[in-house]
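Everything on this sheet refers to the single structure shown next.
Taken together, the values in this text are just the output of simple stated rules run on the coordinates, not laboratory data. Keep in mind it's a predicted model, so treat the numbers as computed, not measured. Positions of Cβ are backbone-derived with ideal geometry, glycine not excepted, and every protein chain shown enters the neighbour counts.
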Amino acid sequence: MVLTLGEVGRFAGARQVASYLGLTPREHSSGGKQRLGHISKQGSSLMRFLLVEAGQSAVKGDAQLRRAYARLAAKRAARWPR
């Protein structure tokens, strides 16, 4: 992570880091309407992959994170039925 981000002090905050890594939503705006889409994927694909792997490992090892993940997954499933 340090090699990808470089000097962390150059970022003003977490939002700038997320934007640099391509984790912010794409914006499709027109006529005063703001619609946010999927992540922009403009940063390092390797870093995004490693962050996902770290998150999955954390969910497996921590019961509190597992419950939070289950709540988010259930909310997403209710909103996006397939």
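So what does the Cα-only Debye profile of the chain read at q = 0.12, 0.18, 0.24 Å⁻¹, as log10 I(q)/I(0), no solvent term?
-0.52, -1.03, -1.18
Given 52, 25, 13, which one lies farthest toward the positive end of the charge dipole of the chain, if we put +1 on the Cβ of every Lys and Arg and -1 on the Cβ of every Asp and Glu?
25
Which of 68, 80, 38 sits farthest toward the positive end of the charge dipole of the chain, with +1 on the Cβ of Lys and Arg and -1 on the Cβ of Asp and Glu?
80
Relative contact order for the chain: what percent, with Cα pairs under 8 Å and sequence separation of 6 or more?
19 percent.
Averaging the inverse of every distinct alpha carbon separation and then flipping it gives the Kirkwood radius. What is it for the range 1-43, in angstrom units?
So the Kirkwood estimate lands at 11.6 Å.
For a quick check: with amide H placed at 1.01 Å from N, whose amide H comes under 5 Å from residue 26's, ignoring anything fewer than 5 positions away on the same chain?
Amide H to amide H, under 5 Å and 5 or more residues apart or across chains, residue 26 pairs with 37, 38, 39, 40.
Among the complete DSSP H segments of the chain, which ones combine at least 15 Å of alpha-carbon extent along their axis with a mean Kyte-Doolittle hydropathy of 0.0 or more?
Span-like helices here: 45-61.
Which net charge results for the neighbourhood of residue 55, defined as the other residues with beta-carbon distances under 13 angstrom from its beta-carbon, given Lys and Arg at +1 and Asp and Glu at -1?
Summing Lys and Arg as +1 and Asp and Glu as -1 gives +1.
How big is the dipole moment of the chain about its Cα centre under a simple scheme where the beta carbon of each Lys and Arg is +1, that of each Asp and Glu is -1, and everything else is neutral? Debye, nearest 20, please.
540
Could you work out the relative contact order of the range 1-43? I mean the mean sequence separation of Cα pairs under 8 Å and 6+ apart, divided by the number of residues, in percent.
Computed over the range 1-43, the figure is 32 percent.
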